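The values are calculated or read from the model by the stated rules, or taken from the named source; none is laboratory data. A quick note: this is a predicted structure, and the numbers were derived from the prediction, not measured. Here the Cβ is made from the backbone with ideal geometry for all residues, glycine too, and neighbour counts use every protein chain on show.
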Amino acid sequence: MEDYRLELRNVSKYFGEVQALEDINFKLGRNEIVGLLGDNGAGKSTLIKIITGYHQPTSGEIYFNGKKVDNLTVPKARELGVETVYQERALAELQTLWRNIFLGRELCSSLGFLDIQRMKDETHRLMNESMGFTSHAVSPDSRVGKYSGGEKQGVAIVRALFFEADIIVLDEPTMGLSLKETAKLSNFVKGIKQAGKSAIFIDHNIFHVYNVADRVVVIDRGRVAGEFMTQDIGVNELMEKMVRVAETGSLE
């Protein structure tokens, strides 16, 4: 179990009499990107809200780094290294890049004053070394509102990496992005793995997930319908299985 940053065992979730998740078993390895696929209403959002502490499972167990965690909350999940990058990106578009990176978690000098130069230097290092931003238009003092959609997602990922997230949850990150920006985002997601971290990439578009994931988990009607190593299955075959699951609820 210590080989996994996260493990869910037989997790179920009821909302009143409605069962949203049924006996979910899910693992996330160290330095692994797992794609979470499924149609709208399949249970992806509920599963992520359990992992991030927004919802408590009705039954089942959650483990981080091999240790069982009871009563997981949002603050506790963050302490355990979970950060979420939402499709809305939650960035202050009128503010500069460095202010967005450190928003709410500003670095201070020994005297308690904001250490602006250090924050700018760290922002420059993160954007260039960790995420491969090469454009001269991307500087610590540039306004985030001028960035493209893919670049904004990259900023949100950089922010999560700086604050030592071990697990980065990407919630439909390609929503509203062009093909060019989606390709750029894919490179940023690969940067998560290069940084030695893990990610859960949630999407309903199989092509966006397949290109970056080591493993794909398919959710349907609140259950794990199947999981596949991307190196062992072609994207067309995986798409056929997804269609079969959507139509029948089974891979059989």
Report summary line: If you go through LYS193, LYS241, LYS184, LYS180, the only one that is out of contact with any His (no Cβ under 8 Å at 6 or more places or on another chain), part of a helix (DSSP H, G or I) and more than 29 Å from TYR147 (Cβ to Cβ) is LYS241
Query raised in the report: Is region 108-120 home to any residue that is in contact (Cβ under 8 Å) with a residue 12 or more places away in the chain and under 20 Å from the mean Cα position of the chain (by Cα)?
Result: no
Requested in this report: Look through region 1-57, keep the residues that are part of a helix (DSSP H, G or I) and of a type outside the set (D, E, K, R), and return whichever of them is modelled with the lowest pLDDT.
Outcome: SER45
Query raised in the report: Does THR230 count as among the polar types (S, T, N, Q) and under 12 Å from the mean Cα position of the chain (by Cα)?
Result: no
Query raised in the report: For region 58-71, which residues satisfy the criterion of being more than 20 Å from GLN19 (Cβ to Cβ), touching a residue at least 12 places away in the same chain (Cβ under 8 Å) and in a strand (DSSP E or B)?
Result: TYR63, PHE64
Report task. Please state which of the following conditions ILE219 fails to meet, knowing it meets all the rest: (1) outside any loop (DSSP other than H, G, I, E, B); (2) surrounded by fewer than 21 Cβ atoms within 10 Å (Cβ to Cβ); (3) of a type outside the set (Phe, Trp, Tyr). Result -> (2)
Report task. Looking for whichever is closer than 25 Å to ARG78 by Cβ and touching a helix residue (DSSP H, G or I) at 6+ places or on another chain (Cβ under 9 Å) here; the options are ILE200, ILE233. Which one fits? Result -> ILE200
Query - Residues of region 191-216 satisfying the condition of being touching a strand residue (DSSP E or B) at 6+ places or on another chain (Cβ under 8 Å), surrounded by fewer than 19 Cβ atoms within 10 Å (Cβ to Cβ) and under 19 Å from ALA160 (Cα atoms) - result: LYS193
